[in-house]
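Visitor: One structure follows; several queries about it will come next.
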Amino acid sequence: MRRYLRRILLFFSPLFAVLVLYFVLDPFKVLYDYKMYYTSGKPDYVVLNRGYVSTETFVHQHPRERYDSFIFGNSRSLFWQVRDWKPHLHAGASCFHFDGSDESLYSLHRKVRFLDEHHVHIAHALLVVDYSLLAKEQARQGHLIVTPPRLVKYRNLPAFHGEFLLAYLDPHFLLAYYDFTLTGQFRDYMRDHNILNAEPMHYTPQTNEISYPQFETAIEEGRYYDEEKLRTFSRSQRNPGISPGCLGAAHIRLLREIRNIFASHGTTVRIVISPMYNQRALHPTDVATLRRVFGDAAVADYSGVNDITEDYRNYYELSHYRPHVAARIMREIYSTGSGRRPLEDV
């Protein structure tokens with residue numbers, strides 16, 4: 001019997017060691033408290049849950065920064081830079097990127113409600129949306145997109161950590177993570193399935209802002225749009241047309257709750273429908289719904305075929321447009337004075 005137990009322990013000892021290392025190393029930075037989740041000028045290597053990082057960073061820094069202006073959206077909102085936004089806001093505005101990777105309408109709603117429940121004044125809100133964000137009105141699974149526990153009053157805590165443990169135990173992740181941890185060498189296969197990331201980023205902790213200045217430098221020097229990237233743009237399925245309608249009763253309920261919170265704060269709101277390289281326009285019914293809920297002047301639709309989406313040089317790749325595009329849109333949507341009136345509660 002003793003020999004049998006010893007064999008069982010020996011058989012499972014590698015798994016025990018791997019589990020112990022998970023709690024020691026905390027590769028996804030979700031087990032312990034961190035004042036800083038990124039090191040500016042370096043890659044993050046292990047891709048983190050951006051929504052969680054944004055939420056925890058806000059909690060750590062708001063007592064000092066007293067944020068009152070927020071950019072919400074998915075990864076496309078990253079390139080809406082605070083330095084371009086602040087000239088359109090009141091003097092002394094304190095800005096924060098409250099974004100999430102592959103953000104959903106559900107999580108965006110939770111972020112707005114979280115601010116309201118914690119009595120954070122929302123003077124300005126910029127919502128950068130598209131079909132993929134608006135269509136998702138329910139909580140989602142996956143370690144990079146699961147809703148941060150703070151936003152749901154910790155009701156999803158077991159499921160949240162379960163997602164990260166499952167992601168950690170994925171053989172692809174274990175191989176890449178421990179290969180890199182032990183050798184310090186980043187290999188091409190580690191990029192697959194969004195496992196590890198070796199692209200250095202510039203990070204501004206005060207605003208939770210990520211940028212990639214090396215991309216802009218490469219573009220200025222004529223090195224960025226090489227043959228491989230040009231092939232990617234030329235081979236992409238440009239599909240001018242209209243996306244399916246996505247805003248049903250549940251979506252509209254979330255949108256109205258967001259609107260009512262903004263109304264209670266007297267928030268200046270802008271909602272921008274992103275210019276996607278695929279040139280798919282948001283369905284007119286969905287655009288009309290957004291304008292009915294938030295007001296015509298607050299919603300700017302840049303989806304579909306236009307001078308931005310016609311030019312590949314406005315994009316880093318097929319999914320993300322460059323900061324100068326966001327800066328231009330900000331100049332246009334704020335110069336008209338549209339949306340400056342506080343929303344009324346409904």
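The values are calculated or read from the model by the stated rules, or taken from the named source; none is laboratory data. These figures come from a predicted structure and were not determined experimentally. All Cβ positions, even for glycine, are placed from backbone atoms using ideal geometry, and neighbour counts span all protein chains on display.
Visitor: One residue is enough: does the range 233-247 have a residue meeting the conditions closer than 23 Å to Ala281 by Cβ and aliphatic (A, V, I, L, M)? Before you say what the answer is, go through the steps one by one.
Guide: Taking the range 233-247 and keeping what is closer than 23 Å to Ala281 by Cβ, we get 233-247.
Applying the additional criterion that residues be aliphatic (A, V, I, L, M) yields 242, 247.
Scanning the range 233-247, I find at least one residue that is closer than 23 Å to Ala281 by Cβ and aliphatic (A, V, I, L, M), so the answer is yes.
Visitor: Looking at the range 25-45, can you tell me whether even one residue there is assigned to a helix (DSSP H, G or I), of a type in the set (Phe, Trp, Tyr) and within 29 Å of Phe215 (Cα to Cα)?
Guide: Checking the range 25-45: not a single residue is assigned to a helix (DSSP H, G or I), of a type in the set (Phe, Trp, Tyr) and within 29 Å of Phe215 (Cα to Cα).
Visitor: Next question. Where residues in the range 182-202 are in a helix (DSSP H, G or I) and without any contact (Cβ under 8 Å) to a residue 12 or more places away in the chain, which of them is nearest to Phe16 (Cα to Cα)? Don't jump to the end; show me each part of the working.
Guide: Taking the range 182-202 and keeping what is in a helix (DSSP H, G or I), we get 182-183, 188-194.
Remaining after also requiring without any contact (Cβ under 8 Å) to a residue 12 or more places away in the chain: 182-183, 188, 191.
Details: Leu182: 19, Thr183: 22, Asp188: 29, Arg191: 27 Å.
Ranking the qualifying residues of the range 182-202, first place goes to Leu182.
Visitor: Pull up the range 45-66, narrow it to residues that are under 27 Å from His172 (Cα atoms) and more than 15 Å from the chain's Cα centre (by Cα), then point me to the one that is surrounded by the fewest Cβ atoms within 10 Å (Cβ to Cβ). Break it down into steps so the answer makes sense when it comes.
Guide: Step one: of the range 45-66, the residues under 27 Å from His172 (Cα atoms) are 45-54.
This time we only want the ones that are more than 15 Å from the chain's Cα centre (by Cα), so: 45-46.
Working: Tyr45: 18, Val46: 20.
For the range 45-66, the residue satisfying everything is Tyr45.
Visitor: Regarding the range 285-297, can at least one residue be identified that is at pLDDT 95 or above, assigned to a strand (DSSP E or B) and of a type outside the set (Asp, Glu)?
Guide: The answer is no; no qualifying residue exists.
Visitor: Residue under question is Arg235, and the condition is that it be over 21 Å from Asn74 (Cα atoms) and either basic (Lys, Arg) or touching an Asp or Glu at 6+ places or on another chain (Cβ under 7 Å) (or both); does it hold? Steps first, answer last, please.
Guide: Values: over 21 Å from Asn74 (Cα atoms): yes; either basic (Lys, Arg) or touching an Asp or Glu at 6+ places or on another chain (Cβ under 7 Å) (or both): yes.
Spelling it out, Arg235 is indeed over 21 Å from Asn74 (Cα atoms) and either basic (Lys, Arg) or touching an Asp or Glu at 6+ places or on another chain (Cβ under 7 Å) (or both).
Visitor: Are any residues in the range 278-322 surrounded by 15 or more Cβ atoms within 10 Å (Cβ to Cβ), in contact with a Gly (Cβ under 7 Å, 6 or more places away or on another chain) and farther than 23 Å from Phe233 by Cβ, and if so, which ones?
Guide: Those that are surrounded by 15 or more Cβ atoms within 10 Å (Cβ to Cβ), in contact with a Gly (Cβ under 7 Å, 6 or more places away or on another chain) and farther than 23 Å from Phe233 by Cβ: His283, Asp286, Gly295, Ala297, Ala298.
Visitor: Take the residues in the range 205-231 that are in a loop (DSSP other than H, G, I, E, B) and of a type in the set (Phe, Trp, Tyr), then tell me which one is surrounded by the most Cβ atoms within 10 Å (Cβ to Cβ).
Guide: Going residue by residue through the range 205-231, those that are in a loop (DSSP other than H, G, I, E, B) are 205-208, 212, 221-226.
Narrowing further to those that are of a type in the set (Phe, Trp, Tyr): 212, 224-225.
Values: Tyr212: 18, Tyr224: 15, Tyr225: 16.
Restricting to residues being in a loop (DSSP other than H, G, I, E, B) and of a type in the set (Phe, Trp, Tyr), the top hit is Tyr212.
Visitor: Let me confirm something: among His202, His193, which residue is in contact with a Phe, Trp or Tyr (Cβ under 9 Å, 6 or more places away or on another chain), loosely packed, with under 14 Cβ neighbours inside 10 Å and not charged (D, E, K, R)? Give the steps one after another, and end with the answer.
Guide: On the way: His202 fails: loosely packed, with under 14 Cβ neighbours inside 10 Å.
Checking each option against the conditions leaves just His193.
Visitor: In the range 55-85, what count of residues is obtained for those that are closer than 22 Å to Tyr34 by Cβ, in contact with a helix residue (DSSP H, G or I) (Cβ under 8 Å, 6 or more places away or on another chain) and either assigned to a helix (DSSP H, G or I) or without any contact (Cβ under 8 Å) to a residue 12 or more places away in the chain (or both)?
Guide: Within the range 55-85, residues that are closer than 22 Å to Tyr34 by Cβ, in contact with a helix residue (DSSP H, G or I) (Cβ under 8 Å, 6 or more places away or on another chain) and either assigned to a helix (DSSP H, G or I) or without any contact (Cβ under 8 Å) to a residue 12 or more places away in the chain (or both) number 4.
Visitor: Does Tyr189 fit the bill of being in contact with a helix residue (DSSP H, G or I) (Cβ under 8 Å, 6 or more places away or on another chain) and not acidic (Asp, Glu)? Full working, then the answer.
Guide: Numbers: in contact with a helix residue (DSSP H, G or I) (Cβ under 8 Å, 6 or more places away or on another chain): yes; not acidic (Asp, Glu): yes.
Here the answer is yes, as Tyr189 does meet what is asked.
Visitor: Now a separate question. Evaluate the range 249-270: report whether one residue or more is closer than 18 Å to Pro323 by Cα, among the hydrophobic types (A, V, I, L, M, F, W, C) and out of contact with any strand residue (DSSP E or B) (no Cβ under 7 Å at 6 or more places or on another chain). Can you show your working first?
Guide: Going residue by residue through the range 249-270, those that are closer than 18 Å to Pro323 by Cα are 270.
When the remaining residues are screened for being among the hydrophobic types (A, V, I, L, M, F, W, C), the result is none.
No, there is no match, as no residue in the range 249-270 is closer than 18 Å to Pro323 by Cα, among the hydrophobic types (A, V, I, L, M, F, W, C) and out of contact with any strand residue (DSSP E or B) (no Cβ under 7 Å at 6 or more places or on another chain).
Visitor: Among residues belonging to the range 265-280 that are touching a Phe, Trp or Tyr at 6+ places or on another chain (Cβ under 9 Å) and free of Cβ contacts under 8 Å to residues at least 60 places away in the same chain, point out the one that is farthest from Leu134 (Cα to Cα).
Guide: Among them, the one singled out is Tyr277.
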